[in-house]
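Every read-out reported here was derived from the displayed coordinates using simple, explicitly stated rules and does not represent laboratory data. Remember, predicted model here, so these are calculated numbers, not experimental data.
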Amino acid sequence: MDINWYGLSCFRMIERGKSTVVTDPYNGGLGLTLPKLRADIVTISHEAPGHANRAIWPEATHVIEKPGEYEIGGVFVIGVSMYDPENPDRHNTGYLFDFDGVNVLHLGDLDHIPTQADIDTFGSVNVALVPVGGGKSLNASQAAEVISLIEPEIVIPMHYQIPGCTLELDPLDRFLKVMGIGKYQTMAQLRMTSSGLGEQTQVIILEPQQ
């Protein structure tokens, strides 16, 4: 399967012969321009300009915006409510996508440390898409703690400051410092198979596609 990042919390996931998934499409006005992408499934973690632009995909056959279990075009999707008990009015849904045994977890705009029981709801996670830039979501230290709970093979950081973005977010370097990562390389796209997963957690930095 292939994973591309378009800034903030927006990714596109493609597996041959299966539905194409786009997560958390953002509106204009945030300093970034989301290109026109084909999508069969669009997931919305919560109602906010940076996460819920439904209008850009009027042809999408499925827009998922609430918890539940779904099977669409060969992709299994589990949506789980992940709200902070101390702030119950702020809703957020995390989504697990199962592409033939490669499980990708998108944490949406998670803003607190979930319990281990909450994390265990998703089962085994191979790839975790984790907000790391603070603002109204996890900061670097919180993200590192959540990653230790999930124990994925691959972590892809999201929702941090990139050129052009007008949101007040922390830079990626702050997260990398917390994780003890000095030198790193970026890639335009992550292409992976279940056989290519390692045993140790690795952080992969994707270049935002614009």
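With 15 Å as the cut-off, how large is the P(r) tail for region 156-206, expressed as percent of Cα-Cα pairs? Walk me through the intermediate numbers first.
Numbers: 721 of 1275 pairs.
Distances greater than 15 Å cover 57 percent of the Cα pairs.
Apply the Kirkwood formula to region 52-160: the hydrodynamic radius equals the inverse of the mean of 1/r over all pairs of different alpha-carbon atoms; give it in Å with one decimal. Can you show the working numbers first?
Details: mean 1/r = 0.0690 Å⁻¹.
So the Kirkwood estimate lands at 14.5 Å.
Can you quote the Å³ per residue value for the convex hull of the Cα atoms in the chain, rounded to an integer? Could the numbers behind the result be given before it?
Numbers: hull volume 23.7 nm³, N = 210.
Spelled out: Cα convex hull of the chain, divided by residues, is 113 Å³.
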Shape call for region 1-91, from the Cα gyration tensor axes a ≥ b ≥ c (a/c under 1.5 means rounded, otherwise prolate when a/b beats b/c, else oblate), comes out oblate
Taking the chain and counting helices only, DSSP H stretches of n ≥ 4 at -39,500 (n - 2.57) each over all residues, the nearest-500 ellipticity at 222 nm comes to -3000 deg cm²/dmol
